[in-house]
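Everything on this sheet refers to the single structure shown next.
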Amino acid sequence: MNGKKLLKEKLGLLLILLVVIAVGAAVSFGIKKGKTKDDSAAVSAGTSAEAVSGTDSEDIYENQDSSAEKDKTETVYIKSDAEGNTKEITVETVLKHPSDGSDIQDQSNLKDIRNTKGDEEYTKGSDGNLIWENHGEDISYKGTSDAELPVRVKVSYYLDGEQISPRKLAGKSGQVKIRFDYENSATETVTVKNKAYQVQTPFLVISALALPSDTFSNIQVENGRLMQMDDQNMVIGYAMPGLADSLQLSGYEVTEDMDIPEYVEVTADAKDFELEFTASIITPGLLEDLDTDDLKDADDFADGMDDLKDGVDDLDEGVGELYDGLKEFYGYLDEYTSGVTALRDAMNQVRDGAGQLTVNSKGLNDGAAALQSGLEQLNAGLKEASEEGESESSQEVLVSILGKLNGLTDEQKEALAAAGISEEELSALSGYAQSLAAVQPTVEALAAGSKQLTTGLTAYTTGVSQLYAGTEKVVEGGTTLCTAGGELYDAFGEALDGVRELRDGVRDFKKDGIDELTRLGGSDFRNVINRLRAVKEADDGYDNFAGLAEGKTGTVRFIVETEEIKK
């Protein structure tokens, strides 16, 4: 059995117990809907068969001790036609006399008031109250009224499934149905715990009718009991009009199937239909014996359910906030792992570029070394050629000639011719010598620069190698970091899934469990309990029909008698 079902059963038992206790104060048989056949059980409701059949009306209430304690007791007799339409209202009143001999104070809106048991007379006070003489006896008086009744009895008749008027039904045979409906018009607005509730004053209605065995058979009763007494079939039906609506039981899951009778229905096979009369006794005070202090445990239970709901609400909110925070962090972690992956990929490109630089720098270094070697060789050759030329006399002549080529004398030209050098060759040698003289400083500078280039390329190559080695380590670190970040991301994702499942579980528990239980045992349950308090207060407040003097206590009951149906 799940918790919700168990709670519903416990709450249902509690509410049924409260209602049964209340109703039990007015009638001995409980709330039960159904059709009953031939029940020979004795009457235990305090209403004798003789009273129902129309003997002295005072006998009906002689065993009701509650009225004996009141200052004023009213019995309202309503004569009506066969369908329950009021024809005459007579009120019999009993006033208890004060033991100190003082006048008896009363208030009444009845007409044609007359003392029915004594010779005491009354006068009207300035406030309209009735002031009765006190002769040491209770006052019994009778009067008439045309005031609206708190409960209207409507009687409907059917023959073979078709509604029919009482007059036309008389003398007919067939399956007959007699239905009593009760309209409760005594509405009150009662405030309970700062909230206004509109409720109807609760009344117990007991309707009785005698069905002779020679006229009626196969009798069935809905919301009542059937008793056989010699050749008579006594039917007693019961209802509590308006009570279910006042408590709003149909709107509360625990009590939606609880049935409080609102009508009485009798079916029978009739032969030459006749009906002597029906009598309906209407009594307030259903909840007179209900102690509202007994409802405190119900309040504590509802408060406990509210506390439980508050706790689960806090848990739901906390888990929700935890999930939202972790989800946000998970998004940041996703960005972080994506950044680490991008960094690793970029460092891979740097490493690949550094590796390529290492390969290329070796070629540059080798080329620079070869260039420096060639320049150094060229420079050395030029120097050697210069040094060798200075030791030859012909060189000196050549240099001198070269230096004065453009201004040679005839003697110099003849000397050159004697040496086998023509003037044209001499001119070419002059240009060559000048070129060599111009190139040698440049070659020396190139050789020096090439040496510096070689030194720089060597350092560059070393740096590139170090860069490559460094990027290798960075790539390795980035790969490790990326792997670790991915594992962290996956693990955190699993943790987030777990927290989400926890959040969803708490929400399902709250929605399908606690919220439902709180509705059953919290607000809805408290609404029924508070409405029961409101009905109790309305019940306590209905203590008279024709009026009640200030400070006095009263009790009232109504008897509605329908006229006979004869053919």
Answer with yes or no whether Gly118 is under 26 Å from Ile78 (Cα atoms) and in contact with a strand residue (DSSP E or B) (Cβ under 9 Å, 6 or more places away or on another chain). yes
For the stretch 209-218, indicate whether the set of residues that are closer than 17 Å to Ile559 by Cα, open to solvent by less than 20 Å² (accessible area, probe 1.4 Å) and of a type outside the set (A, V, I, L, M) is non-empty. no
If I ask for residues that are outside any loop (DSSP other than H, G, I, E, B) and over 21 Å from Phe277 (Cβ atoms), which ones from the stretch 143-156 would you list? Gly143
If a residue has to be of a type in the set (Asp, Glu) and under 30 Å from Arg179 (Cβ atoms) to count, how many in the stretch 69-114 make the cut? 5
Return the only residue of Arg167, Arg152 being open to solvent by 60 Å² or more (accessible area, probe 1.4 Å) and within 26 Å of Glu188 (Cα to Cα). Arg152
Tally the residues that are closer than 30 Å to Gly84 by Cβ and either outside any helix (DSSP H, G or I) or not acidic (Asp, Glu) (or both), restricting the search to the stretch 523-567. 28
Tally up the residues in the stretch 244-269 that are out of contact with any Phe, Trp or Tyr (no Cβ under 8 Å at 6 or more places or on another chain) and open to solvent by 10 Å² or more (accessible area, probe 1.4 Å), please. 11
Answer residue from the stretch 518-529, given it is crowded, with 20+ Cβ neighbours inside 10 Å and of a type outside the set (Val, Ile, Thr) and is modelled with the highest pLDDT among those: Phe525
Restricting attention to the stretch 102-123, does a residue exist that is at pLDDT below 95, surrounded by fewer than 20 Cβ atoms within 10 Å (Cβ to Cβ), at positive phi and not in a strand (DSSP E or B)? no
Mind listing whichever residues of the stretch 129-149 are buried (at least 18 other Cβ atoms within 10 Å of the Cβ) and β-branched (Val, Ile, Thr)? Ile139
Quick one: in the stretch 50-72, of everything that is surrounded by 12 or more Cβ atoms within 10 Å (Cβ to Cβ) and under 51 Å from the mean Cα position of the chain (by Cα), which residue is modelled with the highest pLDDT? Lys70
Whichever residue in the stretch 73-101 is in a loop (DSSP other than H, G, I, E, B) and touching a helix residue (DSSP H, G or I) at 6+ places or on another chain (Cβ under 7 Å) and, among such residues, is most open to solvent (accessible area, probe 1.4 Å): Glu83
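The values are calculated or read from the model by the stated rules, or taken from the named source; none is laboratory data. Everything quoted here is computed from the prediction, not taken from an experiment. FYI the Cβ positions are ideal-geometry reconstructions off the backbone, even for glycines, and counts take in every protein chain you see. Please note that ligands, DNA and RNA were not included when accessible areas were found on the heavy atoms of the full protein model with its side chains. Shrake-Rupley method; radii C 1.70, N 1.55, O 1.52, S 1.80 Å.
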